[in-house]
Amino acid sequence: MQMADTSMPNSGNNWWSCLTLNNHQVASESVHGARLAQAHLAKKCSSKCSICVEENKECKCKEHESRVAIAATEHHVKRSSSFAHSVINMIGMLIGLGQLSTPYALENGGWASAFLLIGLGIMCAYTSHIMGKCLDEDSSSKTYQDLGEQAFGTKGRVLASTFIYLEIFFALVSYTISLSDNLPLVFAGVHLRLPHLHVSTAQLLTVIAVLVALPSVWLRDLSSISFLSFGGILMSLLIFAMVLSTAIFGGVSANQSIPVLQLRKIPVVSGLYAFSYAGHIVFPNIYTAMKDPSKFTKVSITSFTIVTTLYTCLAFTGAKLFGPAVSSQITLSMPPHQITTKIALWATVLTPMTKYALEFAPFAIEMEQNLPSSMGRWSRTLIRGSVGSILLLLILALALSVPYFQYVLSLTGSLVSVGICLVFPCAFYLKICRRQVSKPVVVLNAVIIIFGVVLGIVGTISSSKSLIQSMQRGESS
C-alpha cells in the first residue's frame, strides 16, 4: 500500500508545503493520509502476529509496526514550517470560493454587515487560537477529529467527521454550481444541443467539464495531484487581483450606494460570511507542522487579519462598483469584454477542476483503509475510483438541479461551517482545558457557542426557505 508516500521530495519541501494545504474546507491530505496509512499498516502487523503465533515463530511485527509509526510520523508530520510558511498555509486554506460572494453579501446585508464579517473573522481567529491550546494538552492529537475524540470520545470523533464530510460534499456542490454559472461566459457564443433532451448549453458544458475532471478521482498517489492545490491557491489570488484591476483600470465608476442595513437578509448573509472563514479542519495539521508551535496564535492573528482585510476590501469594492446589480459571484458582474474579466472567469472555471480530487482525497483514503487487507491493489483502485465517480456524478446532478449558488453556499455556512469554526472549537476547549480555564473565559466561550448556535439555526432556516422558494419559482417558470 503506497498511501504513506504522499509528500513531495525533500528539496523545496518548505516552499511546497505552503502550497499543498488545499484551499476550501478539507483536511490536509498528505498528513491525514499518512496517519491512516500508518493505522492500516499497524492493522496488517496485528494480523501477522497471529500467523507468527500459529507458526511458532518469533514475532517481529511489533518492532516493524514501531518502525513504520516512527518513519511515517517523522516523514509526514515533520516540524519544518516557519512562521511565514504557516501564515501562507492558513491564508491559502481560508481564501477560496467564499470571496466570490462577499460583494453580494455586503450589498444585501448593508454596509453595517461588514461589522459581522469582521466580527466573525475575530471570533474565528480566537477559536483557531484555542484549538492550539487544545493541541498543547495532548501531543497525540493531530487532526480535527482527534480533538473531537479527545474532548468527547468516540461520539466526538464521529460528529467531527460527519461535519467535515458534509462540508466537503456541499463545498463541491457549490464549486460545481459556480462552474455551471461561469462556463457560459467563458465560452460565450457557443451553443450546444442534444436531440430529444431539454438540456441547456450551460448544463452540457458543465457535464463535459466534470467528465474531464472525473479521471482525477481515480488517482491513488496523492503526490501526483498535489500540484492541483497549488493551482487552486493561485486561481483564488488571481480572481482577487482581477477584481481590483477592474476597479482601478476597468472604466467602471465605483459610485453605487450601499444600504446601511437590511436586517431581514442578515441570516442568509451570515451564512455566506461564515463559509468564507471555513478552514479550521486543517489548522491542527498546520500547528503540527510548525517548527515553533508556540507561535500558532500569532499565525492565526496574522492570517485572519490579512484575510478579513482582503474580504472587506473586496466586498466594498464589488458593492460600490455594481450596487444592487451585483451577482452572487462577483465574476458574473464584471464587464464581459475586458481582459481582466476573461482572466477572472477562466480562474473561476479552473478552480473547481482543481478541487475534485483533492476534496475527495480524505474520504477516499479512509474508505480504502477500511477495505480488507487481502484485497489487491487494482481491486482497491477500482472501488475507490468507482465510489469517487458515483459521488462526483451525484454532486453534478445535485448542482444542476439546484443552481442557486448563494443559497447553497449560505446553507453550507450556516448548517456546517458555523459549527466547525465557532461551536465545536469552543466546546472542545471547555472540555479539554476545563481545569485551567478561568470563569471569564468560560463565559466568553459559552457566549460564542450560543451565538454560533443561534446564527446557525436562523441562517439554516432562512437559507433553506430561500432555496426552496427559488426552486419553486424555477419549476413554475
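Remarks
- Rough spin-label spacing in nm, given labels placed 7 Å along Cα→Cβ, for Asp292 and Ser464: 4.8 nm
- Residues of segment 443-465 with amide N under 16 Å of the 7 Å Cα→Cβ point at Ala112: none
- Accessible area expressed per residue, segment 309-443, with surrounding protein chains retained (probe 1.4 Å, Å²): 39 Å²
- Percent accessible area from carbon and sulfur atoms, segment 257-380, protein chains only, probe 1.4 Å: 66 percent
- Using only Cα coordinates, the Kirkwood hydrodynamic radius of segment 382-429 works out to 13.0 Å.
- Karplus-derived HN-Hα couplings along segment 331-336 (A = 6.51, B = -1.76, C = 1.60, θ = phi - 60°), whole Hz, x at Gly and Pro: 5, 6, 9, 6, x, x
- Segment 231-353: translational diffusion in µm²/s, Stokes-Einstein, Kirkwood Rh over Cα pairs, 25 °C, 0.890 mPa s: 149 µm²/s
- The residues of segment 183-308 have, on average, 46 Å² of accessible surface per residue, using a 1.4 Å probe with all protein chains present.
- Subset of Lys142/Lys439; Lys291/Lys355; Lys355/Lys431; Lys133/Lys465; Lys142/Lys342; Lys142/Lys298 violating a 30 Å alpha-carbon distance limit: Lys355/Lys431; Lys133/Lys465; Lys142/Lys342
- Between His198 and Thr154, the FRET efficiency from the beta-carbon distance, with R0 = 41 Å, is close to 0.25.
- For segment 386-477, the fraction of C-alpha pairs more than 21 angstrom apart is 51%.
- Using a probe of 1.4 Å on the protein chains alone, the accessible area found for Lys465 is around 120 Å².
- Base-10 log of normalised Debye intensity for segment 322-476 (one unit scatterer per alpha-carbon) at q = 0.20 Å⁻¹: -1.21
- Listed residues Trp378, Trp111 arranged by accessible area, highest first, probe 1.4 Å: Trp378, Trp111
- The amide H of Met290, built 1.01 Å from its N in the peptide plane, has Ser81 as neighbours under 5 Å, considering only residues 5 or more places off or on other chains.
- Computed over segment 178-218, the alpha-carbon pair-distance distribution with 10 angstrom bins reads 29, 49, 21, 1, each value a whole percent.
- For a label point 7 Å along the Cα-to-beta-carbon line of Phe249, residues of segment 326-345 with backbone N under 11 Å: 339-341
The values are calculated or read from the model by the stated rules, or taken from the named source; none is laboratory data. In this text the structure is predicted, and so the values were computed from the model without any measurement. Heads up, the Cβs are rebuilt from the backbone with ideal geometry, glycines too, and the neighbour counts pull from every protein chain shown. These accessible areas exclude ligands, DNA and RNA; they are computed on the full protein's heavy atoms, side chains included. Shrake-Rupley method; radii C 1.70, N 1.55, O 1.52, S 1.80 Å.
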